[in-house]
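Only the coordinates and a few stated rules stand behind these numbers; no lab work does. Everything numeric here is computed off the predicted structure, so don't read it as measured data. Positions of Cβ are generated from backbone atoms using ideal geometry, with glycine treated the same way; all protein chains shown enter the neighbour counts.
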Ligand SMILES: [Zn+2]
């Protein structure tokens, strides 16, 4: 007797979609078949898509920015994530520059993550390093992490890692089998001006800053033979340039991420007072850059959200420098990417992320895999409500490709008929 049967769905089995029943027992996928087998709980997935539980490689729950903390803690953020079909997130440790601080950050963030309703992994985050980099990498691996995030910008808050240290880290990726996660914006191109408002965000953080940092990163990846994952690629011009200059690296040793906000919106959103809601870094780009991002979607390895939610009141500041940057996204990322890119986004939000970041047994619907499964109703809809702690979502009023009805996490039903299941009793 199986624990759960998901019947009559269109199941994503890695490469294709197949009409199958999915059977779950003891937290794992026990069988995929066309036959009726007995189970305690039945979920009818007729006319629905059955996906592996999605993995968001880029979230910031309970991010402490000094004067503000992102409003989705691990409880609120993971609640929204479940509504987005996400069963695993990768968040970040606080930026550290010594081994002692790294260990303390790991302890602190793991404690915060105990409230999560989904699985949480972490990228270590390095700020302007003060320690031996090899010793730092060894500690990251010993703590069970497989990635280190660096910034090429934010020198004003001492988070920038210079190119010499980045090249050293890239060389170490091979020996220690980890991925260097890079926020790529060339620091010298960032314009700080006390008179800027939210409307000036694209001037403050121009596209050229991303393009130059991306090209430098690609050249360092090639020179060192290292492995890098570039987060939140915001402009299609960056991707187009890398396809011309670094085609030999893309999806082999240089992996690009984009986020739903960059494929759905352009910088016109920033032009009125409502634009304060759309403040994040890198900022929205022009319509041609957005279209190119979609046109070159084949070169994008994975999709994350950079989920970092705030309330409207936090955003309602006249000066750009006083606005905390970031938006929520976990709930609608699949429904947006599915609408904009198509059916082929599933692996980029599950299996590929699991492979690159060593999340074993996840990201695929196959016999023996962890029973993380999400059932999606592909009926286009206009977003009216959202979950999590923030009092607004940029996706309200937007059309998306559907919504998740049921989500199973380690063989436990966490979302049923679109509602959070608080206590599980079959
Ligand atoms: Zn981020």
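Spin-label model, residue 65 to residue 141: label points 7 Å out along the Cα-to-beta-carbon direction sit 3.6 nm apart.
Give the percent of DSSP beta bridges with both residues in region 39-158 that are antiparallel, rounded to the nearest 5. Mind dumping the intermediate values first?
Values: 1 of 12 bridges.
Of all bridge pairs located within region 39-158, approximately 10 percent are antiparallel.
The order of the peptides 344-350, 385-391 by mean Cβ neighbours within 10 Å, most packed first, is 344-350, 385-391.
Taking the alpha-carbon centroid of each part, what is the distance from region 238-279 to region 381-411 in angstrom? Each part reduced to its Cα centre gives a spacing of 22 Å. Using C-alpha pairs under 8 Å with a sequence gap of at least 6, the mean separation divided by the residue count of region 156-265 gives a relative contact order of 28 percent.
Which whole-number value in Å³ per residue fits the convex hull of the alpha carbons of the chain? Before the final figure, lay out the partial values.
On the way: hull volume 54.1 nm³, N = 426.
Hull volume normalised by residue count: 127 Å³.
Angle, helix 74-83 long axis vs. longest principal axis of the chain, Cα atoms, 0 to 90°, nearest 10? That helix lies at roughly 60 degrees to the long axis. When the scattering of region 119-160 is computed by the Debye formula from its Cα atoms alone, each counted once and equally, what is log10 I(q)/I(0) at q = 0.22, 0.24, 0.33 Å⁻¹? Once normalised to I(0) and log-transformed, intensities are -0.75, -0.84, -1.12. Each label point was placed 7 Å from the Cα along the Cα-to-Cβ direction; for residue 177 and residue 35 their separation is 3.8 nm.
Highest GNM mean-square fluctuation among 29, 359, 164, for the chain modelled with Cα contacts below 10 Å: 164.
Taking each residue as 0.36 nm, the span from residue 245 to residue 131 lengthens on full extension beyond its C-alpha to C-alpha distance by 37.7 nm. Across region 54-356, the relative contact order, built from alpha-carbon pairs under 8 Å that are at least six residues apart, equals 19 percent.
Among DSSP beta bridges lying fully in the chain, give the percent that are antiparallel, nearest 5.
Details: 30 of 65 bridges.
If I count the DSSP bridges inside the chain, around 45 percent turn out antiparallel.
Quick check: Cα centre of region 314-337 to Cα centre of region 131-203, how many Å? Cα centres, region 314-337 to region 131-203: 22 Å.
To the nearest 500 deg cm²/dmol, what mean residue ellipticity at 222 nm is calculated for the chain from DSSP H runs of n ≥ 4 alone, each contributing -39,500 (n - 2.57), summed and divided by the residues?
Working: 12 runs with 112 residues, N = 426.
Rounded to the nearest 500, it is -7500 deg cm²/dmol.
Give me the distance between the Cα centres of region 13-68 and region 88-124, rounded to whole Å. So the two Cα centres are separated by 25 Å. With both labels modelled 7 Å from their Cα along Cα-to-Cβ, the residue 266 to residue 222 distance reads 3.1 nm. Among 71, 263, 208, whose mean-square fluctuation peaks in a Gaussian network model of the chain (Cα, cutoff 10 Å)? Ranking 71, 263, 208 by mean-square fluctuation puts 208 first.
If each residue of separation counts as 0.36 nm, what is the full-extension length gain between residue 191 and residue 94 once their alpha-carbon separation is subtracted? Write down the numbers at each step before the final one.
On the way: separation 97, 0.36 × 97 = 34.92 nm, distance 2.50 nm.
Separation in residues times 0.36 nm, less the Cα-Cα distance, equals 32.4 nm.
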